[in-house]
Every structure is written in C-alpha cells, then in structure tokens.
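Written out below as structure tokens is the structure these notes cover.
A short reminder: the numbers here are calculations on the coordinates, not readings from a lab. Just so we're clear, the structure is a prediction, and the values are computed from it rather than from any experiment. No Cβ is skipped: glycine too gets one built from the backbone with ideal geometry, and neighbour counts run over all protein chains shown.
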Amino acid sequence: MAQLLFITLMSAQAGEQSQALSDWVAQLLGIYLKQPAASETALLFGLPLRKYAHLTEYAVLACFLLLTLRAGSRWPLARLTALAFAGSYLFACLDELHQRFVPGRTGQFRDTLIDGAGICLGLAITASLLWLKQKKTE
C-alpha cells in the first residue's frame, strides 16, 4: 500500500529533516490562513501541527485498509473494522519502534495513542459510509 510506504518514508527522515518539513508546512498554513503558524504552535485541542500529521496519516491508512479488506469479503463490517483497527495500530507501534533507530527521532507511546485516535476517526467515517451505502442498497 502506498500509505504504508508514505508513513515509513516520513518516519525514516532524520530529526532535522523532519523538523524542516514541519516548519515548511506550517509556513504554508500561515500564508494560507493569513496568520503566523509555527510547527510547534498549539492548534485545535492544544496539539502541535506535527501531531495532526500522525492523526491524519493513520486515519487515511485505516480508511484504505478497511476498504481493501471489504473488497470481495463476506465478513461483517464490524469484524472487518476491528481487523483494520488491529492492523493499523500494530503498524503504528512498529513505526514508533522504527523511529527509535532514526537519528534525531524518538519513538513515543504517546504518538501511538494519537495514531490510534486517527485510526478510530478514519474507521468511524469509512465504516459509517459503508454502512449507509449497504442500507441504501437493501
């Protein structure tokens, strides 16, 4: 999956390179929002921009994984959703372990919790849309 590769490549960036990318994105957001934005500026819920990257990339991963599992499967949606959660969260834990070996990066349990929140968000949206589509065709 492309999303797995994307997450792995982002995690493989050295600390300085990752920070530079975060600063660049924050600057773009600041320009777009017509206000200053720094990568460590507390945004909604007091989380820094970098943590929203975790949330978003894992929401997308979970969405793609659920859709992939759903294709051609006769399993109930609830079972597939649980399987997608388990697979996505396992990858999040392995990714944090991977970051412990990247210079300037640290793997943190707190980040897996943020990843888990993103996974839940992605699965809630995707499973709801799949359920609505299923109800509409019945």
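Tell me, what HN-Hα J-couplings in whole Hz come from the Karplus equation 6.51 cos²θ - 1.76 cosθ + 1.60 at θ = phi - 60° for each residue of segment 88-98, using x for Gly and Pro?
Ordered by residue, 3J(HN,Hα) equals 5, 6, 4, 5, 4, 5, 5, 5, 5, 4, 4 Hz.
Would you list which aspartates and glutamates come within 20 Å of Lys51, measuring only between C-alpha atoms, while excluding same-chain residues fewer than 8 positions from it?
Reachable aspartates and glutamates: Glu16, Asp23, Glu40, Asp95, Glu96, Asp111, Asp115.
Placing unit charges on C-beta atoms (Lys and Arg positive, Asp and Glu negative, everything else neutral), compute the dipole magnitude of segment 46-138 about its Cα centre in debye, rounded to 20.
Charge dipole of segment 46-138: 240 debye, to the nearest 20.
Tell me which residues come under 5 Å, amide H to amide H, from Val102 once H is placed; ignore anything under 5 positions away on its chain.
Result for Val102 returns nothing.
At a Förster distance of 22 Å, what's the computed FRET efficiency of Arg110 paired with Ala20, Cβ-Cβ distance as r, to 0.05?
Rounded to the nearest 0.05, the efficiency is 0.45.
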